[in-house]
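Written below as structure tokens is the structure these notes are about.
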Amino acid sequence: MRAHVRASLFLAGIDFEERLTTMQGKMLWFNEQKEHGFILTDEGERLYVHRDGFSPGEVPVGRCAHLVVQFEVIEENGQRMAAGVSAISKDPSPRARRRGASRAAS
């Protein structure tokens with residue numbers, strides 16, 4: 001487990017087991033006021049992530065849905081959660097264009 005992840009968990013007072021695996025996925029959402037959110041793994045698992053679970057300087061601000069992230073999976077009190085989360089791409093995917101939106105004439 002990366003040293004900064006281990007240190008963050010120690011400082012937060014979280015008991016953890018050894019790292020399970022490094023994974024990739026996409027942010028589903030992150031609430032800045034509540035300081036937590038969820039990630040959807042590439043395998044389809046939904047994982048909880050707390051603000052302390054992000055690498056230094058990687059906590060999302062504003063819209064972050066579909067932001068591609070890399071993280072480690074840890075287990076705390078029998079619950080799997082993300083730790084050491086960092087963005088792979090800094091920009092979330094763009095929103096789809098509305099149906100029926102006018103297009104420029106060719």
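Coordinate-derived values only; no laboratory data. Owing to the predicted nature of the structure, the values given are computational and were not obtained by experimental measurement. Note that each Cβ is placed from the backbone with ideal geometry, even for glycine, and that neighbours are counted across all protein chains shown.
Values for this structure:
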{"quantity": "³J(HN,Hα), Karplus 6.51/-1.76/1.60, whole Hz, each residue of segment 52-65, x for Gly, Pro", "calculated": "5, x, 8, 5, x, x, 10, 5, x, 10, x, 5, 9, 4"}
{"quantity": "Order of Lys26, Lys34 - criterion: other Cβ atoms within 10 Å of each residue's Cβ, fewest first", "calculated": "Lys34, Lys26"}
{"quantity": "Relative exposure of His50, His36, judged by other C-beta atoms within 10 Å (fewest first)", "calculated": "His36, His50"}
{"quantity": "Cβ-based exposure ranking for Arg46, Arg51, in which fewest neighbours within 10 Å come first", "calculated": "Arg46, Arg51"}
{"quantity": "Cα→Cβ-extended label distance, 7 Å offset, between Gln70 and Thr22, nm", "calculated": "0.5 nm"}
